[in-house]
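Here is the structure we will look at, set down as structure tokens.
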Amino acid sequence: MTSMTDTKPKKLAVNNNNSIGSRAFDTLNIVVLVGLALITTLPLLYVLAASFAGEPEIASRPFFLWPEKIVTESYEYIFATPTFVRALLTTVIVTAVGMVVQVLLTFTMAYPLAKRYLPGRILVLNLIIFTMVFTGGMIPTFLVVRDLGLLDSYWALILPLAINPFYLIIVKSFFQELPQALEEAARIDGCNEMGVFFKIVLPLSKPIIATFSLFYAVGIWNDYMSPLLYINDPNKWTLQILVRQLINTDAANALAQMDRTWVPPEQGLKFAVIVIATLPILFFYPFLQKHFAKGVLIGGVKE
């Protein structure tokens, strides 16, 4: 018979190699992530610092994170001219309206496609997937926009990209995972399909609404190809077109065509406009971060 001492549980040996390897792996991850963060952040800090620097300092110092003397000349020029203010207001309005239209159209199309009993559902989904692989191209899209009378119209910046097929499929998958019992209970209480959608489905979809609202807003805000193709009137330029004109051409000549009183500091103005074009998205992200963190996990594998 075995003795009582033989039945005592034996202590497991600690594998020092795994422990050291794990710490080394964590250290390497931290170093790599910090390096990537610096690579991403340093150019932004340089642009911010250069926007508050004078023209001689920008010309003499190839890189710096803090100006020797803080000057606000570039920002004073920006907000003193109606050209930039008009472009900024135009971009804000187009982004706000476009985000609402795109989110509304995406969600109202995804909701019925999430119902398996919808006639022709598979055909519509196949057509949507087809558009993810094959697109009409720039010239056919331009011809459609022209024939619809949308040239020099702000709707040309919203309607051609109103529904992103990839976003649509993700939203459809999210709707399919919602409890069907809630919708059935709402119908028993007298709600029609529109009532179920607006009173039950949308309140449960706050994370995904916040996520794709941010995606659509960033897409419209950063879009310069659509205004470049469809907007010919300089008075209707968006902020990104103005930034493009400042970076690709001489700043004074680019804006002198629209405002004869404009005599800007060339280099500082470019940096200041880039800062102002970037700040709105950075400002709104913290307010959406709570829902955004949940929304980006949609579509993940669940147990």
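The values are calculated or read from the model by the stated rules, or taken from the named source; none is laboratory data. Remember, it's a predicted structure, so these values are computed and weren't measured experimentally. With ideal geometry, Cβ positions are generated from the backbone for all residues, glycine too; neighbour counts draw on all protein chains shown. All accessible areas refer to the heavy atoms of the entire protein, side chains included, with ligands and DNA or RNA removed. Shrake-Rupley method; radii C 1.70, N 1.55, O 1.52, S 1.80 Å.
If you check Ala59 against the conditions, is it assigned to a helix (DSSP H, G or I), open to solvent by 80 Å² or more (accessible area, probe 1.4 Å) and out of contact with any Ser or Thr (no Cβ under 6 Å at 6 or more places or on another chain)? Break it down stepwise before answering.
Numbers: assigned to a helix (DSSP H, G or I): yes; open to solvent by 80 Å² or more (accessible area, probe 1.4 Å): yes; out of contact with any Ser or Thr (no Cβ under 6 Å at 6 or more places or on another chain): yes.
Answer is yes for this residue.
Hey, could you check the range 106-143 for residues that are more than 28 Å from Val201 (Cα to Cα), open to solvent by 80 Å² or more (accessible area, probe 1.4 Å) and free of Cβ contacts under 8 Å to residues at least 60 places away in the same chain and say which is farthest from the chain's Cα centre (by Cα)? Give the steps one after another, and end with the answer.
Of the residues in the range 106-143, the ones more than 28 Å from Val201 (Cα to Cα) are 133-143.
Then drop every residue that is not open to solvent by 80 Å² or more (accessible area, probe 1.4 Å), which leaves 133-135, 138-139.
Still in the list and also free of Cβ contacts under 8 Å to residues at least 60 places away in the same chain: 133-135, 139.
On the way: Val133: 22, Phe134: 23, Thr135: 22, Ile139: 26 Å.
Going through the qualifying residues, I end up with Ile139.
Among the residues of the range 6-19, are any touching a helix residue (DSSP H, G or I) at 6+ places or on another chain (Cβ under 6 Å), part of a helix (DSSP H, G or I) and either modelled with pLDDT under 85 or not aromatic (Phe, Trp, Tyr) (or both)?
There is no residue in the range 6-19 that is touching a helix residue (DSSP H, G or I) at 6+ places or on another chain (Cβ under 6 Å), part of a helix (DSSP H, G or I) and either modelled with pLDDT under 85 or not aromatic (Phe, Trp, Tyr) (or both).
Here's a check for you: in the range 179-214, which residue that is outside any helix (DSSP H, G or I) and of a type outside the set (S, T, N, Q) is most open to solvent (accessible area, probe 1.4 Å)? Quick ask: steps written out before the conclusion?
Keep residues of the range 179-214 that are outside any helix (DSSP H, G or I), which gives 179, 189-192.
Those left that are additionally of a type outside the set (S, T, N, Q): 179, 189-191.
Working: Pro179: 71, Asp189: 131, Gly190: 65, Cys191: 41 Å².
The residue in question is Asp189.
Aliphatic (A, V, I, L, M) and under 22 Å from Thr131 (Cα atoms) - does that describe any residue in the range 171-183? Quick ask: steps written out before the conclusion?
The initial filter retains those residues of the range 171-183 that are aliphatic (A, V, I, L, M), namely 171, 178, 181-182.
After this cut, where a residue has to be under 22 Å from Thr131 (Cα atoms) as well, the list is 171.
Yes, the conditions are met somewhere in the range 171-183.
Any residue at all in the range 28-45 that is at pLDDT below 90 and touching a helix residue (DSSP H, G or I) at 6+ places or on another chain (Cβ under 6 Å)?
No, that holds for no residue.
Provide a single number: the residues in the range 205-250 that are under 14 Å from the mean Cα position of the chain (by Cα), of a type in the set (Gly, Ala, Ser) and farther than 19 Å from Val97 by Cβ.
0
Somewhere in the range 245-258, is a residue at pLDDT below 85, among the acidic types (Asp, Glu) and open to solvent by 30 Å² or more (accessible area, probe 1.4 Å)?
Within the range 245-258, the subset at pLDDT below 85 is 245-258.
Those left that are additionally among the acidic types (Asp, Glu): 250.
Add one more test, that the residue is open to solvent by 30 Å² or more (accessible area, probe 1.4 Å), and what stays is 250.
Yes, there is a match, as at least one residue in the range 245-258 is at pLDDT below 85, among the acidic types (Asp, Glu) and open to solvent by 30 Å² or more (accessible area, probe 1.4 Å).
Just to verify a result, which residue in the range 144-160, among those that are in a helix (DSSP H, G or I) and of a type in the set (Val, Ile, Thr), is surrounded by the most Cβ atoms within 10 Å (Cβ to Cβ)?
Residues of the range 144-160 that are in a helix (DSSP H, G or I), as a first pass: 144-147, 154-157, 159-160.
When the remaining residues are screened for being of a type in the set (Val, Ile, Thr), the result is 144-145.
Working: Val144: 13, Val145: 20.
Looking at the filtered set, the residue picked out is Val145.
Which count do you get for residues in the range 62-79 that are assigned to a helix (DSSP H, G or I) and open to solvent by 80 Å² or more (accessible area, probe 1.4 Å)? Give the derivation first.
The initial filter retains those residues of the range 62-79 that are assigned to a helix (DSSP H, G or I), namely 73-79.
Imposing the further condition that a residue be open to solvent by 80 Å² or more (accessible area, probe 1.4 Å) reduces the set to 73, 76, 79.
The number of residues fulfilling the criteria is 3.
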